[in-house]
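What follows is a set of notes on a single structure, which appears directly below.
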Amino acid sequence: MHSNLQGRTILVTRSPSQAGDFTRLLTAQGATVLEVPTIEIRPRPEQEIDAILDSLRDYDWVFFTSVNGVEVVLGRARQLEISVLDGAETGPEVCAIGPATADRVRNYGGRVDLVPSRYQAEGILESFLDRNPQSPLGLKILIPRASRARSILPRRLRELGARVDVVPVYDTIVPTGSRETLSQVLRKQDLDLLTFTSSSTVRHFVSLAKSPKELKGHRCAVIGPITAETAEEYGLQVVVQARKSTIPDLLEAIVCYFNETEHRRGT
């Protein structure tokens with residue numbers, strides 16, 4: 001992957017706990033990175049997470065739709081020094097929405113039985129039905145996730161006869177202090193690209209802007225089609241979309257975009 005990010009200034013809007021890896025990858029390619037988190041992950045009270053851990057073995061499947069859900073649930077299990085999702089015969093099977101989420105489950109000693117070929121809710125549904133061709137009728141499925149998330153996956157599973165419990169395990173909130181920081185960055189910095197890794201980062205970014213004028217003229221890179229759709233709904237200009245919904249793929253798409261931009265200028 002030829003780098004052409006030297007001299008480029010790129011805004012990263014991920015949560016403080018997740019921005020580091022993306023920033024390091026961009027910096028390694030020569031970019032100047034500004035981090036302004038538009039999202040912060042706040043776990044639900046411990047007693048709510050403990051109740052989930054107590055009931056895990058009642059389910060046939062657990063679907064993790066984000067790294068954050070894994071961190072909250074399995075992080076709490078590790079804190080309590082209990083073993084869950086480790087392959088015991090009586091435990092549920094585990095689906096992780098993508099490779100990063102799957103790796104995080106494995107890092108906590110859990111196993112992963114299914115990773116969809118498309119890293120979004122529709123991909124989970126397709127791969128799950130391929131694995132369960134007799135339909136999920138009667139299967140009991142747990143989806144621990146953000147308090148605000150798309151409803152397509154649980155709704156479709158219920159329509160097919162599954163018993164689905166959607167349990168919020170964390171909230172996404174706007175970080176304190178980000179509004180003024182973002183305003184200063186948008187006002188004073190010549191940004192080459194804004195990056196968004198979820199619909200929540202887009203929505204919170206828009207809510208942090210002091211006026212619609214601050215949002216105009218900026219080019220955006222997004223991690224996947226759902227994030228792209230959200231950004232376009234708010235009138236943002238999406239010029240880069242990752243081939244797959246992963247940070248390495250987003251980085252590759254960004255580098256390719258600027259390489260092509262330079263090529264067009266040189267011809």
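The values are calculated or read from the model by the stated rules, or taken from the named source; none is laboratory data. None of the values given here were measured: they were computed from a predicted structure. Positions of Cβ are generated from backbone atoms using ideal geometry, with glycine treated the same way; all protein chains shown enter the neighbour counts. Note: accessible area is taken over every heavy atom of the protein model, side chains too, but ligands, DNA and RNA are not part of it. Shrake-Rupley method; radii C 1.70, N 1.55, O 1.52, S 1.80 Å.
The table for this structure:
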| quantity | calculated |
| --- | --- |
| Hits among lysines - C-alpha to C-alpha of Lys210 under 20 Å, sequence gap 8 or more where chains match | Lys188 |
| Size descriptor, Kirkwood hydrodynamic radius, that averages inverse alpha-carbon separations across region 1-71, Å | 15.1 Å |
| For region 208-219, Karplus couplings with θ = phi - 60° (6.51, -1.76, 1.60), whole Hz, Gly/Pro x | 7, 5, 7, 7, x, 4, 5, 8, 7, x, 8, 8 |
| Net +/- balance of residues flanking Pro248 in space, Cβ distance below 15 Å, scoring K and R +1, D and E -1 | 0 |
| Rounded accessible area per residue of region 178-267, 1.4 Å, Å² | 50 Å² |
| Per residue value of the accessible surface for region 1-83 (all protein chains in place, 1.4 Å probe), Å² | 48 Å² |
| Computed over region 173-239, Kirkwood Rh from alpha-carbon pairs, angstrom | 12.0 Å |
| Contact order normalised by residue count of region 1-146, Cα under 8 Å, 6+ apart, percent | 21 percent |
| Percent breakdown of C-alpha pair distances by 10 Å bin, ordered from the shortest bin, for region 1-143 | 10, 33, 30, 18, 8, 1 |
| Most positive-pole-ward Cα, Thr101, Leu85, Pro133, against dipole of region 85-133 from beta carbon charges | Thr101 |
| Helix-only CD estimate at 222 nm, as mean residue ellipticity for the chain, using -39500 (n - 2.57) per DSSP H run (n ≥ 4) | -13000 deg cm²/dmol |
| Around Glu81: net Lys/Arg minus Asp/Glu count, Cβ-Cβ under 15 Å | -2 |
| Region 1-154 - percent of accessible surface contributed by carbon and sulfur, probe 1.4 Å | 45 percent |
| Stokes-Einstein translational diffusion, the chain - Kirkwood Rh over all Cα pairs, 0.890 mPa s, 25 °C, in µm²/s | 124 µm²/s |
| Region 142-227 - percent relative contact order, Cα under 8 Å, separation 6 or more | 28 percent |
| Gaussian network model of the chain, springs between alpha carbon atoms under 10 Å - residue of Phe196, Phe128, Phe205 with greatest fluctuation | Phe128 |
| Degrees, to the nearest 10: 121-131 long Cα axis against longest axis of the chain | 40 degrees |
| Listed residues Thr227, Thr197, Thr176, most fluctuating in the chain (Gaussian network, C-alpha, under 10 Å) | Thr176 |
| Scattering profile of region 138-267 at q = 0.11, 0.14, 0.17 Å⁻¹ [log10 I(q)/I(0), Debye over alpha-carbon scatterers] | -0.52, -0.77, -1.00 |
| Mean separation of Cα contacts under 8 Å, 6 or more apart, over the residue count of the chain: relative contact order % | 20 percent |
| Environment charge of Asn68, counting only residues whose C-beta is closer than 13 Å and scoring Lys/Arg +1, Asp/Glu -1 | +4 |
